[in-house]
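Taking it in order: structure first as structure tokens, then the write-up.
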């Protein structure tokens, strides 16, 4: 079943920006010969079916459109839009997502939740920013879908222990016991995602990185695998990992089955020590689909490179797990012992969360400023340094929208223009060092 539109009309931002439209073999919108272009078609549905969700799909063929990702878009607006610019600000709206099937065909489609109380829908097609090109839009295909069960909140714990409990000499076994005991307490209290600090197993243990590295899985990870299985929880464990003759700084993701689901290898090694220690850097940012959501990791110095969190966000992560000792930008800007600066730390971590629309979970070895931050940048949990663990319930289906009716996530990702980001991956780009 697909709904037929009750009305179809053209729209434009300004009469001088209107596309050249016709209904020859579809709904055509062509460039008007100027760069002042923003217009297209909109399809009105005055009576929505009684459905919690709809699948909306709109095909378009295009020719001589320079950058379709930039110049074509399509939105589903939950109300009756007037045929002018900015009218979507009067209602809630969602981007339909482009899937380019060929150089000349794209389908904008999405399964969208019907907002409570919505009774009508306008599907607006957009052609903009080009003095050349022609588009031909098909009639939207709209299909009712059954409701999805609401995803339960995820109980997240950051387990660090307290510095006052870390006196005396440390060994691998002592670190295993220290963190496993506290992780078990968090899991027993209901945490379904437990995050431990950077190189938790080797921290403060005398010896070389090479001698202290452990295999994964192995005897040192076994207690964490067992408690993950016992409590049906997921654990992120920081350690130095031995892989043959190589050593990595790793975040090990252990699933509720007790199996190791993956190891993230720190990509940006810390300057003035780790980067020249023989430790091998990783070369990708995997994101794992799990029972609690999509999880990606950064480790410590990764936080200093904006690309690290961005690469995790670009792959659709719900959570960015950050085992970390500290961030040099959140310490003193002069020689001497590091002095942690809470406000700069929060600015950094909140920016990671908001820029990438995910929940950031930071676990510091020194405890203070470990935190859980949602995608609005709100601090859900914070450790002043005097708690073994902090916890928060994180809602993934939160429904956050900005003041003009669009979804935070939609705007964050659909505003991007990858075609103009060449310097982002240019090998010879040195930023302000040029």
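Observations, loosely collected:
- Inspection of the stretch 239-248 identifies at least one residue that is touching a residue at least 40 places away in the same chain (Cβ under 8 Å) and either under 22 Å from the mean Cα position of the chain (by Cα) or over 28 Å from residue 411 (Cβ atoms) (or both).
- Candidates 334, 275 - the one that is out of contact with any strand residue (DSSP E or B) (no Cβ under 6 Å at 6 or more places or on another chain), more than 23 Å from residue 240 (Cα to Cα) and assigned by TED's automatic domain parsing to the domain that holds residue 258: 334
- Taken over the stretch 369-394, the criterion of being outside any strand (DSSP E or B), surrounded by 16 or more Cβ atoms within 10 Å (Cβ to Cβ) and under 17 Å from the mean Cα position of the chain (by Cα) is satisfied by 374, 375, 377.
- Residue within the stretch 371-384 that is farther than 27 Å from residue 151 by Cβ and at pLDDT 95 or above present: yes
- Put simply, of 30, 38 the only residue that is touching a residue at least 40 places away in the same chain (Cβ under 8 Å) and touching a helix residue (DSSP H, G or I) at 6+ places or on another chain (Cβ under 6 Å) is 38.
- When 109, 185, 147 are screened for being at pLDDT below 95 and surrounded by fewer than 20 Cβ atoms within 10 Å (Cβ to Cβ), only 147 passes.
- Residue ID - nearest to the chain's Cα centre (by Cα), chosen from residues in the stretch 7-27 that are touching a residue at least 40 places away in the same chain (Cβ under 8 Å) and farther than 15 Å from residue 83 by Cβ: 26
- Within the stretch 66-90, being part of a loop (DSSP other than H, G, I, E, B) and under 26 Å from the mean Cα position of the chain (by Cα) holds for 67, 78.
- Restricting attention to the stretch 215-248, the residues that are in contact with a helix residue (DSSP H, G or I) (Cβ under 7 Å, 6 or more places away or on another chain) and under 27 Å from residue 188 (Cβ atoms) total 10.
- Taking the criterion of being closer than 27 Å to residue 17 by Cβ and over 29 Å from the mean Cα position of the chain (by Cα), the residues of the stretch 92-139 that qualify are 104, 120, 130, 131, 132, 133, 134, 135, 136, 137, 138, 139.
- Single condition residue 166 does not satisfy, out of (1) surrounded by 16 or more Cβ atoms within 10 Å (Cβ to Cβ); (2) at pLDDT 95 or above; (3) over 30 Å from residue 17 (Cα atoms): (2)
- Options 146, 83, 140; residue that is over 24 Å from residue 40 (Cβ atoms), out of contact with any helix residue (DSSP H, G or I) (no Cβ under 9 Å at 6 or more places or on another chain) and touching a residue at least 40 places away in the same chain (Cβ under 8 Å): 146
- Residue list for the stretch 7-32, restricted to those being farther than 22 Å from residue 89 by Cα and at pLDDT 95 or above: 20, 21, 22, 23, 27, 28, 29, 30, 31, 32
- Of everything listed in (1) more than 20 Å from residue 414 (Cα to Cα); (2) touching a helix residue (DSSP H, G or I) at 6+ places or on another chain (Cβ under 6 Å); (3) not assigned by TED's automatic domain parsing to the domain that holds residue 295, the single unmet condition for residue 129 is (1).
- Of the residues 427, 410, 398, the single one that is touching a residue at least 12 places away in the same chain (Cβ under 8 Å) and either in a loop (DSSP other than H, G, I, E, B) or surrounded by fewer than 17 Cβ atoms within 10 Å (Cβ to Cβ) (or both) is 398.
- Yes/no for residue 64 being at positive phi, out of contact with any helix residue (DSSP H, G or I) (no Cβ under 6 Å at 6 or more places or on another chain) and modelled with pLDDT of 95 or more: yes
The values are calculated or read from the model by the stated rules, or taken from the named source; none is laboratory data. Bear in mind the structure is a predicted one, so any value in this text is a computation, not a measurement. Cβ atoms come from the backbone with ideal geometry, glycine included; neighbour counts cover every protein chain shown.
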